[in-house]
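One structure is given below, encoded as structure tokens.
The values are calculated or read from the model by the stated rules, or taken from the named source; none is laboratory data. A quick note: this is a predicted structure, and the numbers were derived from the prediction, not measured. FYI the Cβ positions are ideal-geometry reconstructions off the backbone, even for glycines, and counts take in every protein chain you see.
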Amino acid sequence: MIRLLVALALAASAAGACSTANAALPTQVGIRIHYSHFEPNHIEVPVGVPVTFTLVNDDPIDHEWLIGDAAFHERHRLGTEAVHGDRPNEVSLPPRTTKTTTITFDRPGELTFICHFPGHEAYGMVGIVLAKP
Ligand SMILES: [Cu+2]
């Protein structure tokens, strides 16, 4: 099921590359965490409709998926919150777990998702969501 979601998301984003139609962009996105990297790490989604992310942590260690703008990430780099879970844009992922979260991007633009566990961002746990009108 998860593999199917990832495949669909990849197919949809490939289709989106040839078209500017918002309708071609996926509202179901699968992101796999494997060897402390996000796969895929560049995602295009439509503005103004709910987008459901299925986050799969395949690793035997904790990760997190925090999405926001530069100011948001600056706060989290300095932050001391050990666990996230109350907000759709902040998801904690214990080892070998899958969680879903739904976000509506209310304006076009680029947001970044990062794992802020010590060293993980520097190792490459960074990705981009581009919300397109
Ligand atoms: Cu991590």
| query | Is there a residue being out of contact with any strand residue (DSSP E or B) (no Cβ under 6 Å at 6 or more places or on another chain), on the phi > 0 side of the Ramachandran plot and either surrounded by fewer than 17 Cβ atoms within 10 Å (Cβ to Cβ) or not polar (S, T, N, Q) (or both) anywhere in region 110-119? | reply | yes
| request: Could you check residue 96 against (1) of a type outside the set (Gly, Ala, Ser); (2) away from the ligand (no atom under 13 Å from the Cβ); (3) crowded, with 17+ Cβ neighbours inside 10 Å and say which number it fails? | output: (3)
| note | Looking across region 74-98 at residues that are under 15 Å from residue 32 (Cα atoms) and in contact with a Ser or Thr (Cβ under 8 Å, 6 or more places away or on another chain), the single one that is modelled with the highest pLDDT is 98
| Which one is nearest to residue 92 (Cα to Cα) among residues in region 62-79 that are within 13 Å of the ligand (Cβ to nearest atom) and either without any contact (Cβ under 8 Å) to a residue 24 or more places away in the chain or touching a Phe, Trp or Tyr at 6+ places or on another chain (Cβ under 8 Å) (or both)? | 64
| request: Output yes when any residue across region 78-89 is part of a loop (DSSP other than H, G, I, E, B) and touching a Gly at 6+ places or on another chain (Cβ under 7 Å), and no when none is. | output: yes
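Before we move on, is residue 71 assigned to a helix (DSSP H, G or I), more than 15 Å from the chain's Cα centre (by Cα) and at pLDDT 95 or above?
Judged against the criteria, residue 71 is not a match.
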| field | Pairs with Cβ under 9 Å, 6+ apart, first in region 21-43 and at negative phi, second within 16 Å of the ligand (Cβ to nearest atom) and assigned to a helix (DSSP H, G or I) | value | 37/123
| query | Looking at 48, 30, which is the one that is at pLDDT 95 or above, assigned to a loop (DSSP other than H, G, I, E, B) and not aliphatic (A, V, I, L, M)? | reply | 48
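So that you can scan it fast, the table gives a plain yes or no per residue for (1) more than 17 Å from residue 42 (Cβ to Cβ); (2) more than 14 Å from the chain's Cα centre (by Cα); (3) within 14 Å of the ligand (Cβ to nearest atom):
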| site | (1), (2), (3) |
| --- | --- |
| 107 | yes, yes, no |
| 116 | yes, no, yes |
| 120 | yes, yes, yes |
| 125 | no, no, yes |
| 131 | no, no, no |
